[in-house]
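Got a structure for you, questions after.
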């Protein structure tokens, strides 16, 4: 099987930005010391995806906080529903864990590593490293069908998970497509292209907000409303949807606020900032530059304050009001933008 190159946001940013003789880094003219509560994790973060972080102990952290079960040796967190947790290993096994019993219900041998998945009721949808995808029924312990999209060479490792919406499944493939799927029919009912790049084109964000489907790759943002498609071309580090707005964290350091129709409402730029992790909590936005500056902004992007942190040389993840970095847990909701 052909191997795919997985790159994190910082490595990808250096590849996609124009080359120059000497790298330039974000150097804030003014910054403040960070005086906030810090705790220590018992284990370090070994893997991060769009929806969670896996610890070396087998425990995990999701967007809401600490997980409820141990995933097991060599397994990493993929996604979860109210009933099940999905975890995968590098040999192609997808484990479905029952939250009630906190035990494995079934392990699906898929032979190829899982990069994204979701579960709703009795149905599991998954995407594999070779861009194969399929549907599995838990109660029958049966793979209903499997298909494959075009092969890719390299992807951004923050692969967006599929979602269940309006009776269908929206599956983002690694080659920049959104497939509208029916669990009982392997032929996609509709295909939407996020953008047309050859590599690093996988969806890094996918969500349904009201009647709008919002998706993003490292090259483009897409909003689909009632069959109408709107796009904004931008080289993205990350994206946050909150406060009835879309916040785009660009690879040139610009932070853009748009409405749900991709009309630009505000922006602020921090030259040469490369955002390794971003998040939102309450009325604040957070953006951590990989050289260690933590930027705290208000939702209108009119105020901000920069705090001294440290170089980001390991996995980072934001869950609610906490920033996780290696074995550190930092409460960030007490940090002001004023």
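The values are calculated or read from the model by the stated rules, or taken from the named source; none is laboratory data. Keep in mind the model is a prediction, meaning the values are calculated, not measured. A quick note on method: Cβ atoms are made from the backbone with ideal geometry, for glycine too, and the neighbour counts reach across all protein chains shown.
Among the residues in segment 104-120, are any more than 20 Å from residue 180 (Cβ to Cβ), out of contact with any strand residue (DSSP E or B) (no Cβ under 9 Å at 6 or more places or on another chain) and exposed (fewer than 15 other Cβ atoms within 10 Å of the Cβ)?
No, segment 104-120 has no match at all.
Report those strands (runs of 3 or more DSSP E) wholly inside segment 270-338 carrying at least 1 residues which are in contact (Cβ under 8 Å) with a residue 40 or more places away in the chain and within 18 Å of residue 64 (Cβ to Cβ).
Output list reads 275-281, 284-289, 316-319, 322-325, 328-331.
So, in segment 174-184, of the ones that are touching a residue at least 24 places away in the same chain (Cβ under 8 Å) and in a strand (DSSP E or B), which residue ends up surrounded by the fewest Cβ atoms within 10 Å (Cβ to Cβ)?
177
State all residues of segment 221-240 that are touching a strand residue (DSSP E or B) at 6+ places or on another chain (Cβ under 9 Å), under 23 Å from residue 191 (Cβ atoms) and assigned to a strand (DSSP E or B); if no residue qualifies, say none.
Residues satisfying the conditions are 221, 222, 223, 224, 225, 229, 230, 231, 232, 233, 236, 239.
Does residue 95 satisfy being in the same structural domain as residue 178 (by TED's automatic domain parsing) and exposed (fewer than 13 other Cβ atoms within 10 Å of the Cβ)?
Spelling it out, it is not the case that residue 95 is in the same structural domain as residue 178 (by TED's automatic domain parsing) and exposed (fewer than 13 other Cβ atoms within 10 Å of the Cβ).
If you scan segment 160-173, which residues turn out to be more than 16 Å from residue 78 (Cα to Cα) and at pLDDT 95 or above?
Answer for segment 160-173, where residues must be more than 16 Å from residue 78 (Cα to Cα) and at pLDDT 95 or above: 169, 170.
If you check 72, 58, 52, which single one turns out to be surrounded by fewer than 22 Cβ atoms within 10 Å (Cβ to Cβ) and in contact with a strand residue (DSSP E or B) (Cβ under 8 Å, 6 or more places away or on another chain)?
Checking each option against the conditions leaves just 72.
Right, here's the next one. Restricting the search to segment 243-254, which residues are assigned to a strand (DSSP E or B) and either closer than 22 Å to residue 202 by Cα or modelled with pLDDT under 95 (or both)?
Once the filter is applied, which keeps residues that are assigned to a strand (DSSP E or B) and either closer than 22 Å to residue 202 by Cα or modelled with pLDDT under 95 (or both), segment 243-254 yields 246, 247, 248, 249, 250, 254.
Also, quick follow-up: Test residue 257 against the stated conditions and say whether it is at pLDDT below 95, closer than 24 Å to residue 27 by Cα and either outside the structural domain of residue 176 (by TED's automatic domain parsing) or not in a strand (DSSP E or B) (or both).
Considered against the rule, which asks whether it is at pLDDT below 95, closer than 24 Å to residue 27 by Cα and either outside the structural domain of residue 176 (by TED's automatic domain parsing) or not in a strand (DSSP E or B) (or both), residue 257 comes out as no.
Going by what's in this entry, would residue 107 be described as in the same structural domain as residue 170 (by TED's automatic domain parsing), out of contact with any helix residue (DSSP H, G or I) (no Cβ under 6 Å at 6 or more places or on another chain) and under 22 Å from residue 55 (Cβ atoms)?
Spelling it out, residue 107 is indeed in the same structural domain as residue 170 (by TED's automatic domain parsing), out of contact with any helix residue (DSSP H, G or I) (no Cβ under 6 Å at 6 or more places or on another chain) and under 22 Å from residue 55 (Cβ atoms).
Say we look at segment 36-49 and pick out the residues that are at pLDDT below 90 and part of a loop (DSSP other than H, G, I, E, B); which of these is surrounded by the most Cβ atoms within 10 Å (Cβ to Cβ)?
Ranking the qualifying residues of segment 36-49, first place goes to 41.
Related question: Can you find a residue that is under 21 Å from residue 278 (Cα atoms) and surrounded by fewer than 24 Cβ atoms within 10 Å (Cβ to Cβ) anywhere in segment 136-158?
So far as segment 136-158 goes, yes, one or more of its residues are under 21 Å from residue 278 (Cα atoms) and surrounded by fewer than 24 Cβ atoms within 10 Å (Cβ to Cβ).
Give all pairs with beta carbons closer than 7 Å in which a residue from segment 98-117 that is touching a residue at least 40 places away in the same chain (Cβ under 8 Å) meets a residue that is part of a strand (DSSP E or B) and surrounded by fewer than 21 Cβ atoms within 10 Å (Cβ to Cβ); count only pairs at least 6 apart in sequence or on separate chains.
These pairs meet every condition: 112/132.
Out of (1) at pLDDT below 95; (2) farther than 22 Å from residue 63 by Cβ; (3) in contact with a strand residue (DSSP E or B) (Cβ under 9 Å, 6 or more places away or on another chain), the odd one out for residue 301 is which?
(1)
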